[in-house]
Amino acid sequence: MWLPSGSFWIQPAGESHITAASGEENLIYLEIDSGPYLVEPEDQAFDNGERPVNVSENNMFWLTANDANWLDAGSAKISYLWGNPKATNGSFVKLPAGFKGSLENDTEMKAVVVKGSANYQWSLDPKVTSLSPSSFFSSEGQAKHIIEAKTDVVLYVKSVGKFAVE
């Protein structure tokens, strides 16, 4: 299955699979939930009961501030991908061009720019950084990540516990 830019894919442990890319430039963010990550011959593949998930950004259910209490910013949208909001979880966050706001968390959070461009500033540092696809920011403990979207932006956010978009 060829997935467009901004897609999300889960490959269950133990299953055989082939990964390929067709673009002139390709980027993947690989996150291993638990290890060790072992490459084994196909004859050692096994079914652990999990099923693969392949979701295109165009085929996701996006929640607005009316639907999700994590969103105080009326123009932001969120699509829950995996996990438990009170524990470790992953989501896509969509910010429209012109968005000026923040992502705030009380615990560990990591974010990767999947699509778009923005200016970024951590609340404790006056330095402004330009974000583009594959850019990454993170924090441990309480933090406020200030974002000004130059274009439509999609972020993959992995958080331990809740985070808020304001």
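The values are calculated or read from the model by the stated rules, or taken from the named source; none is laboratory data. Bear in mind the structure is a predicted one, so any value in this text is a computation, not a measurement. Cβ sites come from the backbone with ideal geometry, for glycine too, and all protein chains shown count toward neighbours.
Quick one: in the stretch 80-120, which of the residues that are at pLDDT below 95 and polar (S, T, N, Q) is nearest to the chain's Cα centre (by Cα)?
91
Go through 98, 116, 141 for me and flag whichever is crowded, with 16+ Cβ neighbours inside 10 Å and on the phi > 0 side of the Ramachandran plot.
116
Among the residues of the stretch 43-66, is any of a type in the set (Val, Ile, Thr), at pLDDT 80 or above, under 28 Å from residue 141 (Cβ atoms) and surrounded by 10 or more Cβ atoms within 10 Å (Cβ to Cβ)?
Quick first cut of the stretch 43-66, residues of a type in the set (Val, Ile, Thr) only: 53, 55, 64.
Filter again for at pLDDT 80 or above, leaving 53, 55, 64.
Add one more test, that the residue is under 28 Å from residue 141 (Cβ atoms), and what stays is none.
Within the stretch 43-66, none of the residues are of a type in the set (Val, Ile, Thr), at pLDDT 80 or above, under 28 Å from residue 141 (Cβ atoms) and surrounded by 10 or more Cβ atoms within 10 Å (Cβ to Cβ).
Look through 154, 128 and report the one residue that is in contact with a helix residue (DSSP H, G or I) (Cβ under 7 Å, 6 or more places away or on another chain) and of a type outside the set (Phe, Trp, Tyr).
Numbers: 128 fails: in contact with a helix residue (DSSP H, G or I) (Cβ under 7 Å, 6 or more places away or on another chain).
Unique residue meeting the criteria: 154.
What about residue 138, is it small (Gly, Ala, Ser) and touching a residue at least 40 places away in the same chain (Cβ under 8 Å)?
Numbers: small (Gly, Ala, Ser): yes; touching a residue at least 40 places away in the same chain (Cβ under 8 Å): no.
Taking the combined requirement at face value, the residue does not satisfy it.
Determine, yes or no, whether residue 125 is under 18 Å from the mean Cα position of the chain (by Cα) and modelled with pLDDT under 90.
On the way: under 18 Å from the mean Cα position of the chain (by Cα): no; modelled with pLDDT under 90: yes.
Criteria not met by residue 125.
If a residue has to be touching a residue at least 60 places away in the same chain (Cβ under 8 Å) and polar (S, T, N, Q) to count, how many in the stretch 110-135 make the cut? Show your work before the answer.
Applying the first criterion (touching a residue at least 60 places away in the same chain (Cβ under 8 Å)) to the stretch 110-135 yields 112, 114-115, 133-134.
Pick out the ones that are also polar (S, T, N, Q) and you get 134.
Residues meeting the conditions: 1.
Applying the selection to the stretch 5-14, what residues are farther than 17 Å from residue 112 by Cα and out of contact with any Pro (no Cβ under 7 Å at 6 or more places or on another chain)?
Looking only at the stretch 5-14, we keep the residues that are farther than 17 Å from residue 112 by Cα, and these are 11-14.
Selection gives 13, 14.
Give me the residue from the stretch 123-166 that is among the charged types (D, E, K, R) and in a loop (DSSP other than H, G, I, E, B) and, out of that set, farthest from residue 5 (Cα to Cα). I'd like the intermediate steps shown before the answer.
We begin by selecting, within the stretch 123-166, every residue among the charged types (D, E, K, R); these are 125, 127, 140, 144, 148, 150, 152, 158, 162, 166.
When the remaining residues are screened for being in a loop (DSSP other than H, G, I, E, B), the result is 125, 127, 140, 150, 152, 162, 166.
On the way: 125: 31, 127: 29, 140: 29, 150: 18, 152: 14, 162: 26, 166: 26 Å.
Among them, the one singled out is 125.
Got at least one residue in the stretch 49-72 being hydroxyl-bearing (Ser, Thr, Tyr), more than 15 Å from the chain's Cα centre (by Cα) and on the phi < 0 side of the Ramachandran plot?
Start the filter on the stretch 49-72 by keeping residues that are hydroxyl-bearing (Ser, Thr, Tyr), which leaves 56, 64.
Those still in the list that are more than 15 Å from the chain's Cα centre (by Cα) too: 64.
Next, only the ones that are on the phi < 0 side of the Ramachandran plot stay: 64.
Yes, that holds for at least one residue.
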